[in-house]
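Have a look at the structure below, then the notes.
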Amino acid sequence: MPVVADMSSNIGTCDIPWDKLDIVFAGAQKNLGTSGCTIMMIKDSLLGHADKDVPVLCDWDLHEKSPDTYYNTPCVWSMYVTGINCSYMNQNGGLAQYKRLADQRALLLWTCVDDSNGYYKSKITDKNYRSRINVIFRIAGGNKELESKFIREAGKAGIT
């Protein structure tokens, strides 16, 4: 059974354990490019084993063997922008730099949540399961008035 990882949130910010994965799927919109671009990395050993009733768009071997033929019209602009951004990322330290930046942002945000004396709360109390990318928290137990104020003030500071 192939092991598939959805790395939409963290691709470009961590190593990929290729020895444990067969397919990596990622929406590029968080870390690598614009919405509309999806990245799939598939081990060669999985190509050529599609069932006969698999739709053309899901037959990876067919796409691999037909590089100049598209069975749909891809959003070339999204792919182009993603390529430019990946090049930029490589020129600015590559994966090591973006891993460091993700770690720094996560440490800053999770420390703020943990040290707020309950003002910020997260349901994710076990630090082993906290995301470095998606820091999930509420204000004072979900106080809607304070959360609205927080969102307004963040917007004034340019944080959305």
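Select from region 1-23 the residues that are touching a Lys or Arg at 6+ places or on another chain (Cβ under 9 Å) and either part of a strand (DSSP E or B) or hydroxyl-bearing (Ser, Thr, Tyr) (or both) and list them in ascending order. Of everything in region 1-23, those that are touching a Lys or Arg at 6+ places or on another chain (Cβ under 9 Å) and either part of a strand (DSSP E or B) or hydroxyl-bearing (Ser, Thr, Tyr) (or both) turn out to be Ala5, Ser8, Ser9, Thr13, Ile23. Scan region 139-158 and tell me whether some residue there is hydrophobic (A, V, I, L, M, F, W, C), under 18 Å from Asn31 (Cα atoms) and in contact (Cβ under 8 Å) with a residue 12 or more places away in the chain. No, because not a single residue in region 139-158 is hydrophobic (A, V, I, L, M, F, W, C), under 18 Å from Asn31 (Cα atoms) and in contact (Cβ under 8 Å) with a residue 12 or more places away in the chain.
Within region 143-157, the only residue that satisfies the criterion of being closer than 27 Å to Asn10 by Cα and not in a helix (DSSP H, G or I) is Ala157. Within region 77-101, being of a type outside the set (S, T, N, Q) and loosely packed, with under 10 Cβ neighbours inside 10 Å holds for Tyr88, Ala96. Looking only at region 115-135, residues that are closer than 20 Å to Ser9 by Cβ and surrounded by 11 or more Cβ atoms within 10 Å (Cβ to Cβ) come to 8 in all. Comparison of Ile23, Ile16, Ile42 shows that the only residue that is buried (at least 17 other Cβ atoms within 10 Å of the Cβ), free of Cβ contacts under 8 Å to residues at least 60 places away in the same chain, closer than 30 Å to Asn128 by Cα and outside the structural domain of Ile133 (by TED's automatic domain parsing) is Ile42.
The values are calculated or read from the model by the stated rules, or taken from the named source; none is laboratory data. Note that the structure is a prediction, hence the values are computed from the model and not measured. Positions of Cβ are generated from backbone atoms using ideal geometry, with glycine treated the same way; all protein chains shown enter the neighbour counts.
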